[in-house]
Amino acid sequence: MTLADVLVLAYALDVPPMLLMTPLGTDDACEVLPGRMESTWDAVEWISGHDPLPGDREERSAEWSLVTVFEQHRDQLDLWRLRHKQVERNPDQAEAALALENARNMLAMTRDSMRRQGITPPSFDDSLLLPEEDEMDQIMREIQLERQQQRVERLKNIDRED
């Protein structure tokens, strides 16, 4: 059976391909290579690119971190989308806008870092990560106003204590 066969079968059965390759959830060990038994979880981690097989970990190559880089990108993209929705629901909240800006910057830096390493990031419209001039000016004004209000409140509290 070829890899393509496994993927077609997984698609047809509507199951993750990993479940056709490992007894995840049904057996605690499996034969990952002829004559080599490993825990099922170690097999899953190896097949998914998260970790080499036990005993091979000292020889870990740089390629093993590639999956982690893409997972980090996915997590940052998810956070950016969440922050974007929060700003859409609360457009007047400076804190939400600042959180969106931080998420946007982190995602942009990750994508730039991937490119510098020769890694092609997942397809995405990078122009969405560039803030509009008016939007940035508005965010900065809101942050400054919020900080000024916080200073005034602190001063009022000090005056009340005296």
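Can you confirm whether Ala12 is within 30 Å of Arg147 (Cα to Cα) and of a type in the set (A, V, I, L, M)? Before you say what the answer is, go through the steps one by one.
On the way: within 30 Å of Arg147 (Cα to Cα): no; of a type in the set (A, V, I, L, M): yes.
No; evaluated as a whole, the condition is false for this residue.
Say we look at segment 1-48 and pick out the residues that are β-branched (Val, Ile, Thr) and within 28 Å of the chain's Cα centre (by Cα); which of these is nearest to Trp64 (Cα to Cα)? Reasoning before the result, please.
Going through segment 1-48, the residues β-branched (Val, Ile, Thr) turn out to be 2, 6, 8, 15, 22, 26, 32, 40, 44, 47.
Now restrict to residues that are within 28 Å of the chain's Cα centre (by Cα): 6, 8, 15, 22, 40, 44, 47.
Working: Val6: 23, Val8: 26, Val15: 25, Thr22: 20, Thr40: 19, Val44: 14, Ile47: 11 Å.
My answer is Ile47.
What are the residue pairs meeting all of these: first residue in segment 142-158, first residue surrounded by 10 or more Cβ atoms within 10 Å (Cβ to Cβ), second residue at pLDDT 80 or above and outside any helix (DSSP H, G or I), Cβ atoms under 9 Å, and 6 or more apart or on different chains?
Glu142/Gln93
Taking the criterion of being hydrophobic (A, V, I, L, M, F, W, C) and either assigned to a loop (DSSP other than H, G, I, E, B) or at positive phi (or both), would at least one residue in segment 51-72 satisfy it? So that I can check it myself, show each step before the final result.
If we filter segment 51-72 for residues that are hydrophobic (A, V, I, L, M, F, W, C), which is where we start, we get 53, 62, 64, 66-67, 69-70.
Within this subset, residues satisfying the condition of being either assigned to a loop (DSSP other than H, G, I, E, B) or at positive phi (or both) are 53.
Yes - at least one qualifying residue is present in segment 51-72.
The rows are residues; the columns are (1) modelled with pLDDT of 90 or more; (2) farther than 23 Å from Leu7 by Cβ.
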| site | (1), (2) |
| --- | --- |
| Leu20 | yes, no |
| Arg36 | yes, yes |
| Gly49 | no, no |
| Glu63 | no, no |
| Leu66 | no, no |
| Gln72 | yes, yes |
| Ser127 | no, yes |
| Glu133 | no, yes |
| Met136 | no, yes |
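The values are calculated or read from the model by the stated rules, or taken from the named source; none is laboratory data. Keep in mind that what you see is a predicted model, and the values were worked out from it rather than measured. Because the Cβ atoms are built from the backbone with ideal geometry, glycine has one as well, and the counts that use them run over all protein chains shown.
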